[in-house]
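Worksheet for the structure shown next.
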Amino acid sequence: MEKVDRNRIDRVKKKRRKKGLKRLCLLFTLLVLGCGLYFGSQLWGALADSSHRLDQSKLREEEVKIKEDPFTVLLIGTDQRTTNPNDFRSDVLMLAAINPKTKSAKLISIPRDTYVTIPNSGGVKTRINAAPHYGRQSGVGVVENTREVVQNLLHVPVDYYAMINFQGFEGIVDSLGGVDVTVKQSFSQAMIGGGRAYFQPGPMHLNGKQTLAYVRKRKGVAGGDFARNERQQEVVGLLLNKMVRFDNIGKFSEITETLGKNFQHGFQVDEIPALVKVYQDIPKENVQSIQVKVVDIKVGKADMLQIPQAEKDRIRKILQQQLEYTPNENLIDKTDDVPQSNATN
């Protein structure tokens, strides 16, 4: 009899422990959900405040739909250092061509010293990073003019963009706990605000200021702009992987504060979850970096870079195939193109 009673008591205790554990789990879940909703709403608000959507690209006949259609995102890193949000040139230009059908992405970095004709400038030919300046002067807009110059160069539409300045880049890196890069060669670079960052071959953990120096170095290193573009794509990939995981709720406040001051994008807020899902579905092996072959040229006393016509044609073909896009030749600006009969490799 005592044995039966003891078994009954043990069962009751076990049930109570299970109920207690369920309550604890429920409480924990509610706390996490509550924090997530709180910080998530902060992030949502910051993204909404920083949304400045462009009109549909003039190279598109129909609007693209994320998750269904291939699309492009232009990543713009600016050298803005003043409180004037339009006082900058583009220090980094990177185009991502994303195909949700094939779950693949192709990235191309455009050197900031690329010699082109700037739209809405009256025919001025200079570095591509001057596009924001002439966009501001002409009233077209800094981002729209940057979009136009990239479209003229690559002959594919720019559907969306994301733009961040030096301070914002440093802040995002620090908010996400830094990045772990693999340095390929020794070099040093002055950091914005003072000091110098030193890099040695092998794995390194970098904070925001060090990371900015890491992606900006181009002179005095083997590979020049090629190596610089490679480092930029490495870091952007690392940051995107960290951001889409959202594995640290406590970082939301820092991230949203940084975003609000230093970030601007061209997405509707309700498109962002779809964008994150598309990115998460792309295997790492399906992300390809396209390297641009350039030649050094002199324009007056200035050193600039030129993309040969054959190289332009190669890159355009890759991007158009990735986007399943056939350009309407009547909509393409061919000011800088060499006629096919005169094109040289």
Any of Lys65/Lys103; Lys217/Lys284; Lys242/Lys293; Lys67/Lys293; Lys106/Lys284; Lys58/Lys298 with alpha carbons more than 23 Å apart? Name them for me.
Lys217/Lys284; Lys242/Lys293; Lys67/Lys293; Lys58/Lys298
Spherically averaged projected area of region 260-345 from its Cα convex hull (nm²):
10.2 nm²
In region 267-314, how does Rg compare with the Kirkwood Rh, expressed as the Rg/Rh ratio over alpha carbon atoms?
1.27
In the calculated pair distance distribution of region 107-237, what percentage of Cα-Cα distances lie above 26 Å?
31 percent
Pulled fully out, how much extra length does the chain show between Ile192 and Lys101, if you take 0.36 nm times their separation in residues and subtract their Cα-Cα distance?
28.7 nm
For Val179, what residues show an amide H to amide H distance below 5 Å, using hydrogens built from the backbone and excluding near sequence neighbours?
Leu206
In terms of the charge dipole of region 86-173, which places +1 on Lys and Arg and -1 on Asp and Glu at the beta carbon, the residue among Pro111, Leu154, Tyr134 farthest towards the positive end is Leu154
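Only the coordinates and a few stated rules stand behind these numbers; no lab work does. Note that the structure is predicted; figures quoted are calculated from it, not measured. All Cβ positions, even for glycine, are placed from backbone atoms using ideal geometry, and neighbour counts span all protein chains on display.
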